[in-house]
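Asks: Once you've had a glance at the structure underneath, I'll fire off some questions.
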Amino acid sequence: MLKEPSSSRLSFDELKTLITEKWPESFYAGSDWSSLRFTTGCAELDQLFPAGGIPYGQLIEVAGDVSSGKTSMVFVLLAAITRSGTAAYIDLGGSFFPPAAVSGGVDIERMLVVRPDTLASGLRATELIFRHRLACCAVLDLVGHRLPLPYTLLHRLRLQTIRAKGMVIFLTENNSTLIPASMTSLRLEITRQSQRRLSATVTRSRVSAQGVTAEVHLS
Amino acid sequence: MSGARIGCCVLPEFPVALWIQERPSIAAFPLAIAEDEKESSALVICNRKALDAGVTRELTVAQAHTLCPDLQVRARDQQREQQAAREIVTRLRTISPFVQDAGDGLFFLNASGLRFIYDSEQSFARKIIDLMTRETLPATVGVGANKFIARIAAQTVKPGETRIVPSSTERQFLAPLSVNLLPVSDETKASLYELGLRTIGQVKAFPLNELMERFAADGMLLSRLANGDDPDTFLPELPPDLLYKRFPLSFALFNTGSLCLYVERLLERLLERLRQAGRCCRRCDIICRLEDKTDLTIVVALDRPASTLPPFMRQLRQSCESLDLSSGVVDITVAIPENSLLLLEQLSFQQRSTGAATGEVQAQLAKLSEEHHCFKSQLQAAHLPEQNFRFLPATEKIKAERSERPFVQPYAGHHLSGLRLLQPPVAGDLISTGKQSMLLRVKQTLHTIERTFGPWKLSGGWWQSSFDRIYYEVQTTDRKLYLVFYDRIGARWFVQGVFD
């Protein structure tokens, strides 16, 4: 005789407790980390996230067309991070211009710049940075790259980011298919409204609602 | 910011107010506080009556007495002031649980999420005024989106009054106010006056590049403040002795499992308080009063600070495995004896270090590629944008605390925002179509130019390698913004970068 399914079924909370007890790190990527977040300094952008800021332990993609303001947006995030922590910029294309970062409010004294030769080296370098806790956030500048990221390395980086409670920001172009959708928790698409006004739309997210837009004013 | 609301309570002339609080009769006299009782010591602060008599802060006691023979001078007692400030913080905690003492009679309170307790922010502010009035201390209260706005709001009203700055109206509120209210050095304020900038609104309208050029690191701060943004974080104090929870039981408890459940509930509330204050801890003490009137203390110590329950509970369950409760527990107290001042945002750095020095990591990074590894960028004075910075090997760990860094004026164009350099500059071309329109060719793609900004001319002297460039910022009809220059020596156009 078949058993009544509901009698043996665990509730989500029970299941979560069971898994968390056995594998403590298994739920780290989810909303449990809502308390460990950083506020971007832009009220509108922060309000998109239930925790009032972007949770740590995530892989984030910031995408946009040429001159859309995606680099400015990344500088806004880096400015918020370097206020209390440290960051790394993996400059694959050699296009990082420190004076522009300073102008965007980034404390470059608290930022490492790594210029690897290849994409794979860049991913390994990021992994290494998180493993040794050199920075709590790493930006991988993938603008101009066309080849997809090696899945294995990306997966390892994701695990390392979760363990280190870090954050990886991939800076990509709008039409790029470099990163598989399953690998990132959040995708922000940036468009420029005016010279000092950007709009960030959440096109894919596991940490907030999708399709919502926030306006960001550049100081 | 994230919709946060901060209240600020200002006690004007705090040391003077404390003396008047102790002896109200001296309020009728001109009163000043000096560093000590010597005639040669300088005055620290004085009341309105003394100011009206011409007494100012920099004067010595002897000079002040010459100007105002009735002047009552008291020596400053910093210990007493600190004690009074602590007492005020304790009283303010009855209004909001999170209070920060910023010194000199300045107190910040977390005003977020108090809508269930107070009808409005106005009644929250009035509550503070009433509390201070009961203490016979004149106070002003401001409420705003951050500490800066709240402080300015409080400083621009008379004693006993309040001012609320609603969300999204910060810029309008700041615009007509004097630059004297900005928390910057006196030299910076004097320079702002020299530039003809009298109000915060005028500072906001001043080009950011100009501000940065003239005020170096203060330029960015000025810009942010003028826009109502405060870089200073609200850090409330949590005195360790207050961080405990007690639960008396009406029956004796012999089961360690049940004990863990009670501890879990109590600890959860304490950790929630820590989290709200953006803090964490690495140790908690569980004091169990037993039936035989003895105390049993269980210390749960983690190897790294945390602000969540699971690591503490795991450790507690392990400790309880070997616990023998032959005498029942009748009272449980959970205490957090010490909490870390570090912000939650920095929690990742408090994790157990792998022990590797930056040098070793750098060596590993170097292995990944032959030449490129870890750098720290530094700005430097140079004419050409591509020389405005250099990369230094990052041999030391990144500084934990913010340092005063020398600032070098970078590229002098208008739009610095998000500039991405093309290295080396890409050869481009400007083509005239003859219909009063121009085309920009970048990598075989033609863009119609909509607007141009510039020109800026850069040329090298005879002692430098020769260069002669005319820079333009070019906006195309497809809303792309390029930094281009005309190399007069090679008679060619180049694209130096893209504003992104």
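Asks: Where residues in segment A:92-107 are at pLDDT 85 or above, of a type outside the set (Gly, Ala, Ser) and part of a loop (DSSP other than H, G, I, E, B), which of them is farthest from the chain's Cα centre (by Cα)?
Replies: A:Phe97
Asks: Something else: Has segment B:163-185 got any residue that is more than 14 Å from chain A (Cβ to nearest Cβ) and of a type in the set (Asp, Glu)?
Replies: No, that holds for no residue.
Asks: So, in segment A:46-58, exactly how many residues are more than 9 Å from every other protein chain (Cβ to nearest Cβ) and closer than 18 Å to A:Ser199 by Cα?
Replies: Number satisfying all stated conditions: 2.
Asks: While we're on this one: Does segment B:320-329 hold any residues that are in a helix (DSSP H, G or I) and surrounded by fewer than 16 Cβ atoms within 10 Å (Cβ to Cβ), and which are they?
Replies: Once the filter is applied, which keeps residues that are in a helix (DSSP H, G or I) and surrounded by fewer than 16 Cβ atoms within 10 Å (Cβ to Cβ), segment B:320-329 yields only B:Glu321.
Asks: If you go through segment A:47-91, how many residues are among the hydrophobic types (A, V, I, L, M, F, W, C) and outside any helix (DSSP H, G or I)? Even if it seems obvious, please write down each step before you answer.
Replies: Going through segment A:47-91, the residues among the hydrophobic types (A, V, I, L, M, F, W, C) turn out to be A:48-49, A:51, A:54, A:59-60, A:62-63, A:66, A:73-81, A:87-88, A:90.
Still in the list and also outside any helix (DSSP H, G or I): A:48-49, A:51, A:54, A:59-60, A:62-63, A:66, A:87-88, A:90.
Counting residues in segment A:47-91 that are among the hydrophobic types (A, V, I, L, M, F, W, C) and outside any helix (DSSP H, G or I) gives 12.
Asks: So which residues in segment B:292-329 are over 45 Å from the mean Cα position of the chain (by Cα) and more than 14 Å from B:Asn255 (Cβ to Cβ)?
Replies: B:Asp292, B:Lys293, B:Thr294, B:Ser322
Asks: Across segment B:330-346, which residue is surrounded by the fewest Cβ atoms within 10 Å (Cβ to Cβ) among those that are part of a loop (DSSP other than H, G, I, E, B) and either at pLDDT below 80 or within 14 Å of chain A (Cβ to nearest Cβ) (or both)? Walk me through it before giving the result.
Replies: Filtering segment B:330-346 for residues part of a loop (DSSP other than H, G, I, E, B) gives B:336-339, B:341-343.
Filter once more, keeping what is either at pLDDT below 80 or within 14 Å of chain A (Cβ to nearest Cβ) (or both): B:337-339, B:341-343.
Numbers: B:Pro337: 13, B:Glu338: 13, B:Asn339: 23, B:Leu341: 11, B:Leu342: 16, B:Leu343: 17.
Looking at the filtered set, the residue picked out is B:Leu341.
Asks: Next question, about the same structure. Applying the selection to segment A:189-206, what residues are of a type in the set (Val, Ile, Thr) and open to solvent by 20 Å² or more (accessible area, probe 1.4 Å)? Give the derivation first.
Replies: Pass one, segment A:189-206, residues of a type in the set (Val, Ile, Thr): A:190-191, A:201-203.
A:Thr191, A:Thr201, A:Thr203 - these are the residues of segment A:189-206 that are of a type in the set (Val, Ile, Thr) and open to solvent by 20 Å² or more (accessible area, probe 1.4 Å).
Asks: Which of the strands (runs of 3 or more DSSP E) found entirely inside segment A:157-219 contain at least 1 residues meeting this: within 14 Å of another protein chain (Cβ to nearest Cβ), touching a strand residue (DSSP E or B) at 6+ places or on another chain (Cβ under 7 Å) and among the β-branched types (Val, Ile, Thr)? Spell out how you get there, then give the answer.
Replies: Values: elements: A:167-173, A:186-194, A:197-205, A:213-217.
Ranges flagged: A:167-173, A:186-194, A:213-217.
Asks: Please indicate, with yes or no, whether at least one residue in segment B:78-94 is open to solvent by less than 50 Å² (accessible area, probe 1.4 Å) and out of contact with any strand residue (DSSP E or B) (no Cβ under 8 Å at 6 or more places or on another chain). Spell out the reasoning first.
Replies: Of the residues in segment B:78-94, the ones open to solvent by less than 50 Å² (accessible area, probe 1.4 Å) are B:81, B:84-85, B:88-89, B:92-93.
Filter once more, so that each one left must be out of contact with any strand residue (DSSP E or B) (no Cβ under 8 Å at 6 or more places or on another chain): B:81, B:84.
Yes, the conditions are met somewhere in segment B:78-94.
Asks: Something else now. Looking at B:Ala150, is it open to solvent by less than 10 Å² (accessible area, probe 1.4 Å), in the same structural domain as B:Ala102 (by TED's automatic domain parsing) and touching a residue at least 12 places away in the same chain (Cβ under 8 Å)?
Replies: On the way: open to solvent by less than 10 Å² (accessible area, probe 1.4 Å): yes; in the same structural domain as B:Ala102 (by TED's automatic domain parsing): yes; touching a residue at least 12 places away in the same chain (Cβ under 8 Å): yes.
Yes, satisfied.
Asks: Does B:Ile128 count as open to solvent by less than 10 Å² (accessible area, probe 1.4 Å) and out of contact with any His (no Cβ under 8 Å at 6 or more places or on another chain)? Give the derivation first.
Replies: Numbers: open to solvent by less than 10 Å² (accessible area, probe 1.4 Å): yes; out of contact with any His (no Cβ under 8 Å at 6 or more places or on another chain): yes.
Yes.
Asks: Taking only segment B:213-231 into account, find how many residues are at the interface with chain A (Cβ under 10 Å from one of its Cβ atoms) and modelled with pLDDT under 75.
Replies: 2
Asks: Here is a follow-up. Which of the helices (runs of 4 or more DSSP H) contained wholly in segment B:1-80 include at least 2 residues that are closer than 30 Å to B:Pro97 by Cβ?
Replies: Details: elements: B:14-22, B:48-52, B:61-67.
Helices (runs of 4 or more DSSP H) meeting the threshold: B:14-22.
Asks: All but one of (1) in contact with a Lys or Arg (Cβ under 9 Å, 6 or more places away or on another chain); (2) surrounded by 17 or more Cβ atoms within 10 Å (Cβ to Cβ); (3) modelled with pLDDT under 90 hold for A:Asp141; which doesn't?
Replies: (3)
Asks: So, in segment A:145-183, of the ones that are on the phi < 0 side of the Ramachandran plot and charged (D, E, K, R), which residue ends up most open to solvent (accessible area, probe 1.4 Å)?
Replies: So the first thing to find is which residues in segment A:145-183 are on the phi < 0 side of the Ramachandran plot, and the list is A:145-164, A:166-183.
Going one step further and asking which of them are charged (D, E, K, R), we end up with A:146, A:156, A:158, A:163, A:173.
Values: A:Arg146: 164, A:Arg156: 115, A:Arg158: 57, A:Arg163: 113, A:Glu173: 32 Å².
The extreme case among them is A:Arg146.
Asks: If you don't mind, there's one more thing I want to ask. I'd like the residue in segment B:197-207 that is surrounded by 18 or more Cβ atoms within 10 Å (Cβ to Cβ) and without any contact (Cβ under 8 Å) to a residue 24 or more places away in the chain and, out of all such residues, is farthest from the other protein chains (Cβ to nearest Cβ).
Replies: Among those residues, the one meeting the criterion is B:Leu197.
Asks: Here's another thing I want to ask about it. Taking A:Gly69 as meeting all but one of (1) more than 27 Å from A:His217 (Cα to Cα); (2) within 9 Å of chain B (Cβ to nearest Cβ), write down the number of the exception.
Replies: Just one mismatch for A:Gly69, condition (1).
Asks: Taking the residues in segment A:72-85 that are open to solvent by 10 Å² or more (accessible area, probe 1.4 Å) and touching a Leu at 6+ places or on another chain (Cβ under 9 Å) as candidates, determine which candidate is nearest to the other protein chains (Cβ to nearest Cβ).
Replies: Going through the qualifying residues, I end up with A:Ser84.
Asks: To continue, here is another question. Would it be correct to say that B:Thr136 is crowded, with 17+ Cβ neighbours inside 10 Å and among the polar types (S, T, N, Q)? Walk me through it before giving the result.
Replies: Values: crowded, with 17+ Cβ neighbours inside 10 Å: no; among the polar types (S, T, N, Q): yes.
Against the criterion (crowded, with 17+ Cβ neighbours inside 10 Å and among the polar types (S, T, N, Q)), B:Thr136 does not qualify.
Asks: Given the structure, is A:Phe97 open to solvent by less than 10 Å² (accessible area, probe 1.4 Å) and either touching a residue at least 12 places away in the same chain (Cβ under 8 Å) or more than 8 Å from every other protein chain (Cβ to nearest Cβ) (or both)?
Replies: On the way: open to solvent by less than 10 Å² (accessible area, probe 1.4 Å): yes; either touching a residue at least 12 places away in the same chain (Cβ under 8 Å) or more than 8 Å from every other protein chain (Cβ to nearest Cβ) (or both): no.
For A:Phe97, the condition - open to solvent by less than 10 Å² (accessible area, probe 1.4 Å) and either touching a residue at least 12 places away in the same chain (Cβ under 8 Å) or more than 8 Å from every other protein chain (Cβ to nearest Cβ) (or both) - is not met.
Asks: On to the next question. Could you tell me how many of the residues in segment A:34-45 are among the small types (Gly, Ala, Ser) and more than 9 Å from chain B (Cβ to nearest Cβ)?
Replies: Step one: of segment A:34-45, the residues among the small types (Gly, Ala, Ser) are A:34-35, A:41, A:43.
If we keep only those that are more than 9 Å from chain B (Cβ to nearest Cβ) as well, we get A:34.
The number of residues fulfilling the criteria is 1.
The values are calculated or read from the model by the stated rules, or taken from the named source; none is laboratory data. These figures come from a predicted structure and were not determined experimentally. So basically every Cβ, Gly included, is an ideal-geometry build from the backbone, and we count neighbours across all protein chains shown. The accessibility values were calculated without ligands, DNA or RNA, using every heavy atom of the protein model including side chains. Shrake-Rupley method; radii C 1.70, N 1.55, O 1.52, S 1.80 Å.
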